[in-house]
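A short worksheet on the structure shown next.
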Amino acid sequence: MPDLSPIAERAAAPETLPEITAGDLSWRAATVADAQLVADFNNAMGEADELPFRETVDEVREELEAPWVDLSTQSMLGFDAEARLRAAGFVMTTPGDVRTVRAFVSGGVHPERRGEGIGRELLAWQVARARQLLAASGKELPGRIAAYAEDTDTARHRIFEHAGFVARRFFADLKRPLGEGAPPIPEVELAGSLRLADFSPELDDATRLAHNDAFRDHWGSEPQTPEQWQSGRSEFAPEWSHVVVDDAPDVEALLADERTDASTADALRAGAPLVVAYAYNSRFEADFEVRGYSFGYTGLLGTRRAYRGRKAAIAALAASMRSFEDAGMEAAVLDVDTENPSGAHGLYASLGYVKEHSSRMYSIEL
């Protein structure tokens, strides 16, 4: 049984945060105005560590200006005597957590200043601040401090493990070729009252409800609030995104189904559109050169639990691949949790996706 003593006790938050003295850097909190500086810093680390992605200033700005983030207490930037950014650390929480209250740590040390102990001291500050945030959350739930690392970034693995983090989830980055010589994109027929539709703002919140329902049984997933759902869309490609709608849902059966969550029940009673599956896609153009090919990225894909087995998500994904191909993209890319309970990994393999990169999530469980 998990320890469900008060979160303020489990978090073991320190009264004061540890100082960062290694490297003789000057430290201050980040501001939204630092977006370009942080993006350049992150990309310098990405290049040195041969990561398969780069960040745009718009992506970084979205993270920094999220309404639930207080940069004054959740970030630290370290500068050298020439005012160059040499280290950065962030501790982010999200407002929608109802099963596990979480804090995510990210950042690192510039390649030119590694090996001086800066990273370990910065991570100690981040973990201490994460403990404070979790203790102050007031949410009497299991707690988690989480961080991500590419499998090839062994130095980051070592620093996390030294700080008490444990690798708990493993993710595969999958690629599926498109265009001439690629396997044909499957034709998927939907039965009954199910209908494939393009993304539209009118269906966006109905898709959020579908996503929250689809991922209720996925480890580490938490429901998204409307503001979370709308955040982080600088690279979102609505013209490539598709949903499946049930035009004539059996409302009584769905309301009686224990798998139907409360927010969906409210929408059904109000006669709102019922999105049952979705594929939300993005265009990460900054990554094309790094990977050596152009691609469309499926960041969100799922099916309501009551609609699994009806090929709705496959239809949305196939429509996405056609959109990528029509736009001249050379491949379709997505990430999958290798222990996904819906069996998605095998489904993607059957559609021609193959593993190209991998990563893992580390955590301290509280």
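The values are calculated or read from the model by the stated rules, or taken from the named source; none is laboratory data. On a predicted model such as this, the values are computed, not experimentally measured, just so you know. Positions of Cβ are generated from backbone atoms using ideal geometry, with glycine treated the same way; all protein chains shown enter the neighbour counts. To get the accessible areas, we keep the full protein, side chains included, count just its heavy atoms, and leave off ligands, DNA and RNA. Shrake-Rupley method; radii C 1.70, N 1.55, O 1.52, S 1.80 Å.
Just a few scattered comments:
- For A286, the requirement of being part of a helix (DSSP H, G or I), open to solvent by 30 Å² or more (accessible area, probe 1.4 Å), farther than 27 Å from S193 by Cβ and at pLDDT 95 or above is met.
- Selection of region 28-65 for residues being among the small types (G, A, S), in contact with a Ser or Thr (Cβ under 8 Å, 6 or more places away or on another chain) and either buried (at least 16 other Cβ atoms within 10 Å of the Cβ) or under 25 Å from T152 (Cβ atoms) (or both) yields A30, A39.
- Note on region 131-160: among residues that are of a type in the set (S, T, N, Q) and closer than 18 Å to F171 by Cα, the one that is nearest to the chain's Cα centre (by Cα) is T152.
- Filter pass, D250 being open to solvent by less than 60 Å² (accessible area, probe 1.4 Å) and out of contact with any strand residue (DSSP E or B) (no Cβ under 6 Å at 6 or more places or on another chain): no
- Filtered residue count, region 82-91, keeping only those that are surrounded by fewer than 20 Cβ atoms within 10 Å (Cβ to Cβ) and among the hydrophobic types (A, V, I, L, M, F, W, C): 2
- Filtering region 4-13 to residues that are open to solvent by 90 Å² or more (accessible area, probe 1.4 Å) and in contact with a Pro (Cβ under 9 Å, 6 or more places away or on another chain) leaves only L4.
- Residue within region 231-238 that is within 13 Å of T94 (Cα to Cα), in contact (Cβ under 8 Å) with a residue 40 or more places away in the chain and buried (at least 16 other Cβ atoms within 10 Å of the Cβ) present: yes
- Residues in region 198-217 that are in a loop (DSSP other than H, G, I, E, B) and in contact with a strand residue (DSSP E or B) (Cβ under 7 Å, 6 or more places away or on another chain): F199, F215.
- Test: residue in region 301-311 that is surrounded by fewer than 19 Cβ atoms within 10 Å (Cβ to Cβ), on the phi > 0 side of the Ramachandran plot and out of contact with any Leu (no Cβ under 6 Å at 6 or more places or on another chain): yes
- Residue within region 259-267 that is crowded, with 19+ Cβ neighbours inside 10 Å and modelled with pLDDT of 95 or more present: no
- Residue list for region 268-280, restricted to those being open to solvent by 20 Å² or more (accessible area, probe 1.4 Å) and in a helix (DSSP H, G or I): R269
- Scanning region 219-230 for residues that are open to solvent by less than 40 Å² (accessible area, probe 1.4 Å) and within 13 Å of the chain's Cα centre (by Cα) turns up G220, S221, E222, P223, Q228, W229.
- Scanning region 62-73 for residues that are of a type in the set (D, E, K, R) and in contact (Cβ under 8 Å) with a residue 60 or more places away in the chain turns up at least one hit.
- Filter result (buried (at least 18 other Cβ atoms within 10 Å of the Cβ) and under 21 Å from S72 (Cα atoms)) within region 14-26: I20, L25
- Residue ranges of strands (runs of 3 or more DSSP E) in region 97-197 with at least 1 members open to solvent by less than 40 Å² (accessible area, probe 1.4 Å) and either without any contact (Cβ under 8 Å) to a residue 24 or more places away in the chain or on the phi > 0 side of the Ramachandran plot (or both): 101-109
- Residues of region 294-314 include at least one that is over 28 Å from D205 (Cα atoms) and in contact (Cβ under 8 Å) with a residue 24 or more places away in the chain.
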